[in-house]
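First comes the structure, then the notes that go with it.
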Amino acid sequence: MNTKPIKSMITSCLLVLLAIGLNASARSEETPDTWEKVVFHLDEKRNARWALMLARSYLDDRPNAKVIVVAYGPGIDFLVKDAQDSRGNPYAADVQELDAAGVGFRVCAETLDAKKVSKDDLLDEVSIVPSGISEIVRLQIKDGYAYLKP
């Protein structure tokens, strides 16, 4: 009886099981605090206060998570210096607090051009990306960020 095919099959099975075990071992070293990444999508100022509250709440629950807020269109309006919500409360202090906690704030350069808003008009905590929508897609696909739209 030719045992060569059986040995080959057993060897292949063992290699597959070894690969599965190594993959599971690598995953077991990950914890939610080391891989959680969330991008908040803002395209309307009226959702800004809600998004800031959700980002703060999320970080309270997952302090090591990476959170990025990407704004374009009317969604950038809360990141302009002296911007206030409908009750007259400024956004700057909340943005500064979240920035200090590691939250990134990114705005769309195309929106800035269309709205004729200068970089100097934005809060210091804000960075500019070429395209807000492209940044959201890149964060999701290339960097594995979960997508949230308040």
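Taking amide H atoms as placed 1.01 Å from N in the peptide plane, the amide H of Lys37 lies under 5 Å from those of Lys66, Ala146, each 5 or more residues away in sequence or on another chain.
Surface composition of region 51-144: carbon and sulfur atoms hold 47% of the protein heavy-atom accessible area at a 1.4 Å probe. The simple spin-label model puts a point 7 Å past each Cα toward its Cβ; for Lys115 and Lys81 those points are separated by 1.6 nm. Taking amide H as placed 1.01 Å from N in the peptide plane, Lys81 has its amide H under 5 Å from the amide H of Leu122, Leu123, each at least 5 places away in sequence or on another chain. Residues in region 56-84 near a label at Ser131, defined as backbone nitrogen under 20 Å from the 7 Å Cα→Cβ point? Once the point is set 7 Å along Cα→Cβ of Ser131, 69-76 turn out to lie under 20 Å by backbone N, inside region 56-84.
Taking all protein chains together, Ile133, Ile141, Ile68 sort by accessible area into Ile141, Ile133, Ile68, largest first [probe 1.4 Å].
The values are calculated or read from the model by the stated rules, or taken from the named source; none is laboratory data. Values in this document were obtained by computation on a predicted structure and should not be read as measured data. Neighbour counts run over all protein chains shown; Cβ positions are idealised from the backbone, glycine included. Calculation scope for accessible area: heavy atoms of the full protein, side chains included, ligands and nucleic acids excluded. Shrake-Rupley method; radii C 1.70, N 1.55, O 1.52, S 1.80 Å.
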